[in-house]
Amino acid sequence: QVQVVESGGGTVRPGGSLILSCAISGIAVSSGAMGWYRQAGGGRRKLVATIWDNGETDYEEMVQGRFTISRVNATNTLYLQMDNLRSDDTSVYYCNVRPPWPPFWGQGTQVIVSS
C-alpha cells in the first residue's frame, strides 16, 4: 500500500525553524522526483520544493535560500528544513511525488508562524 505520513509541524515565531518529515511506504523515496507542497487557507495546493531522483533540488522563489529539501534512502523518509520562517509560510504542508499523484496525498502537517 502506498502511503505517506507527514509530521513535524507546529507553531513558531517569525525567524524560527522547523523540520518536517514525510515517512513513505509503498515506493522508494529515491525512485523519482518527490516534492513538498503547501496549502494556505482555502487556496490552491502549491509546490514549494523538489528533490529529483539524481538528488538535485529546486525551490519556489518565496522559499529559496530558507528551505532545504532532503531525503534519507535507508529510512525512506523525505525532509524539509525550514529556516527564517515568515508569517506567509503558514500553511498545511504535504509531501507527494512530482507531479502529484492524488491517491498519495496524506493528512499534511500544519505550520503556523505567528508572533
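What whole-number volume per residue, in cubic angstrom, does the convex hull of the C-alpha atoms of the chain give?
That works out to 90 Å³ per residue.
Output needed for the range 23-70: three equivalent-ellipsoid semi-axes, defined as square roots of 5 times the C-alpha gyration tensor eigenvalues, in descending order, whole Å.
Computed over the range 23-70, the values are 20, 15, 8 Å.
In terms of modelled amide H atoms, which long-range or inter-chain residues lie less than 5 Å from the amide H of Phe67?
HN-HN under 5 Å from Phe67: Asp83.
Could you tell me what percent of the accessible area of the chain is made up of carbon and sulfur, with a 1.4 Å probe and every protein chain present?
That share works out to 49 percent.
When ranked by the protection proxy of mean other Cβ atoms within 10 Å per residue, highest first, what sequence do the peptides 55-62, 18-25, 74-81 form?
In decreasing order of mean packing, 55-62, 18-25, 74-81 become 18-25, 74-81, 55-62.
Accessible area per residue of the chain at 1.4 Å probe, in Å²?
I get 51 Å² per residue for the chain.
For a quick check of your reading of the filter: which trypsin sites (Lys or Arg not before Pro) in the range 32-115 sit in a DSSP loop and have no more than 10 other Cβ atoms within 10 Å?
Sites meeting the loop and neighbour criteria: Arg44.
The values are calculated or read from the model by the stated rules, or taken from the named source; none is laboratory data. Small disclaimer: the values here were computed from a predicted structure and weren't measured. Heads up, the Cβs are rebuilt from the backbone with ideal geometry, glycines too, and the neighbour counts pull from every protein chain shown. Ligands, DNA and RNA are excluded from the accessible area calculation, which covers all protein heavy atoms including side chains. Shrake-Rupley method; radii C 1.70, N 1.55, O 1.52, S 1.80 Å.
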